[in-house]
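Single-structure report; data block below.
The values are calculated or read from the model by the stated rules, or taken from the named source; none is laboratory data. Keep in mind that this is a model prediction, so the values were computed, not measured. Surface accessibility is based on the protein's heavy atoms, side chains included, excluding ligands, DNA and RNA. Shrake-Rupley method; radii C 1.70, N 1.55, O 1.52, S 1.80 Å.
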Amino acid sequence: EHRAVVERASIMGEELERDAAEEAERLLRDSNGFVSVLDRVTKAMADSGVSYLFAGGLASAVLGRYRHTADIDILVHPKRAREALDSLERAGFETEETFPHWLFKARREDWLVDVLFRSEGTSTSTPR
């Protein structure tokens, strides 16, 4: 039984390595699209004057803890969420007020941008 457990663990390890390699290849293929969209988000937010921060998988990766991400998450002050969404729309994103009390979405080139503006446990000061 111990030998079977070791064999299963070995197979699982190989599968994880293969999955990680496939994910790395996908990210390399998609990186130009991602970087282009990220650049558009950054420029749109700078043009809007709305203070924001990156959250989710992107922020985690920048801080050294890789986590797969299929979107770009930004957090803005609730009073500035509509301005942020309008700026993304002017930058060529398709936009929607998905959940008007906490989340808007923008899409471009198969990439999704979540505009978060309310989150349990956060407190915000005056908007900038």
| task | With θ set to phi - 60°, apply the Karplus curve 6.51 cos²θ - 1.76 cosθ + 1.60 along segment 35-45 and write out the HN-Hα couplings as whole Hz, x wherever there is a Gly or Pro. | result | 4, 4, 5, 4, 4, 5, 4, 4, 5, 4, 5
| field | ³J(HN,Hα), Karplus 6.51/-1.76/1.60, whole Hz, each residue of segment 93-105, x for Gly, Pro | value | 8, 7, 10, 8, 8, 4, 10, x, 9, 7, 8, 10, 10
| task | Sort Ser36, Ser60 from largest to smallest accessible area, using a 1.4 Å probe on the heavy atoms of the protein chains. | result | Ser36, Ser60
| request: At a 1.4 Å probe radius, which order do Glu17, Glu83, Glu7 fall into by accessible area, largest first? | output: Glu17, Glu7, Glu83
